[in-house]
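Chemist: Before I ask anything, here is the structure I am working with.
The values are calculated or read from the model by the stated rules, or taken from the named source; none is laboratory data. What you see is a predicted model, and the numbers here were worked out from it, not measured in a lab. Note that we place each Cβ from the backbone using ideal geometry, even for glycine, and neighbour counts take in every protein chain shown. The protein model used for the area step is the full one, side chains on, heavy atoms only, and it has no ligands, DNA or RNA in it. Shrake-Rupley method; radii C 1.70, N 1.55, O 1.52, S 1.80 Å.
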Amino acid sequence: MKRLLIVIVMAVVMVSFIGISQVSAQTVKIGVFEVQKVMRESKTFEGYRQDLMKQIEGKRKPLRDREESAKATEEKLRKEGEKLSVNERRALEERLANDAKDIRRLREDFEIEVRKLDAQLAQKAIGMISGVIKNIAEKEGYTVIFERSAAGVAYAQDAVDITGKIIQQIK
């Protein structure tokens, strides 16, 4: 009975070692990348950012025009306020108050639009980066690839950083 127990224990130990050696025979290849660096250094994303800035400037123009109009009204009221009749002064004050409301509304609309455009750019970028990462992973046999900051990677050797490869493929 003891012999049978010893044989069973030895068999279990041997199977365990064989299983461990097979698992360790599979290599795990890990990569990391920095999405902010990709966004910052990629020429493709630089073009996207420039387009975004042009769109933002186009949407900022009505706000600036309204702010300049309000400043002109305020300046006129300050300089000529004492010379104006009560009705003219009241009309300018009402116009200034309406301009302030319009400016707040335009500013809110502008900020919402900028956030929307920024989200569209980010979505486009993440889609493109994901495709490139998948391509690199398949070609080079990566088991897993982490985004450095999102995964909470405190340290990674430069050898596992594939940020440069991603930037090259996106260009």
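Chemist: Report the paramagnetic label zone for GLU93: residues of segment 41-83 whose backbone N is under 20 Å from a point 7 Å from Cα along the Cα-to-Cβ axis.
Modeler: 70-83
Chemist: According to the square roots a ≥ b ≥ c of the eigenvalues of the Cα gyration tensor, what is the shape class of segment 47-149, taking rounded for a/c under 1.5, prolate for a/b larger than b/c otherwise, and oblate for the remainder? Before the final figure, lay out the partial values.
Modeler: Details: a/c = 6.09, a/b = 4.93, b/c = 1.23.
Prolate, because a/c is 1.5 or more and a/b exceeds b/c.
Chemist: With a 1.4 Å probe and every protein chain left in place, tell me how much accessible area THR143 has, in Å² to the nearest 10.
Modeler: 90 Å²
Chemist: Quick one: of LYS61/LYS83; LYS59/LYS134; LYS139/LYS171; LYS61/LYS124; LYS76/LYS116, which pairs are farther than 30 Å apart, Cα to Cα? If you can, show how the numbers build up before the last one.
Modeler: Values: LYS61/LYS83 33 Å; LYS59/LYS134 36 Å; LYS139/LYS171 18 Å; LYS61/LYS124 26 Å; LYS76/LYS116 37 Å.
The answer is LYS61/LYS83; LYS59/LYS134; LYS76/LYS116.
Chemist: Let me ask another. Keeping all protein chains in the complex and leaving out DNA, RNA and ligands, what accessible area do you get for ILE56 with a 1.4 Å probe, in Å² to the nearest 10?
Modeler: 10 Å²
Chemist: Please give the per residue accessible area of segment 83-171, computed with a probe of 1.4 Å over protein heavy atoms only, in Å². Let's see the in-between values first.
Modeler: Working: 6140 Å² over 89 residues.
Spelled out: the 1.4 Å probe surface of segment 83-171, per residue, equals 69 Å².
Chemist: For the residue pair ARG104 and GLU140, what label-to-label distance in nm results when each label sits 7 Å from Cα along the Cα-to-beta-carbon direction?
Modeler: For the pair ARG104/GLU140, the computed spacing is 5.3 nm.
Chemist: In what sequence, largest accessible area first, do VAL132, VAL144 appear using a 1.4 Å probe?
Modeler: Details: VAL132 20, VAL144 50 Å².
Largest accessible area first, the list is VAL144, VAL132.
Chemist: Determine the sum of side-chain charges near LEU63: Lys and Arg each +1, Asp and Glu each -1, restricted to other residues whose C-beta is under 14 angstrom from that of LEU63. Present the calculation step by step, with values, prior to reporting the outcome.
Modeler: On the way: positive: LYS59, ARG60, LYS61, ARG64, ARG66, LYS71, LYS101, ARG104, ARG105, ARG107; negative: GLU57, ASP65, GLU67, GLU68, ASP99, ASP102, GLU108, ASP109, GLU111, GLU113.
It works out to a net charge of 0.
Chemist: Right, here's the next one. If r is the Cβ-Cβ distance from GLN36 to VAL160 and R0 is 22 Å, what FRET efficiency results, to the nearest 0.05?
Modeler: Values: r = 18 Å, r/R0 = 0.80.
In this case the efficiency is close to 0.80.
Chemist: Still on this structure, please answer the following. GLU46 versus SER69, label points 7 Å from Cα toward the beta carbon: distance in nm?
Modeler: So the label points at GLU46 and SER69 sit 3.9 nm apart.
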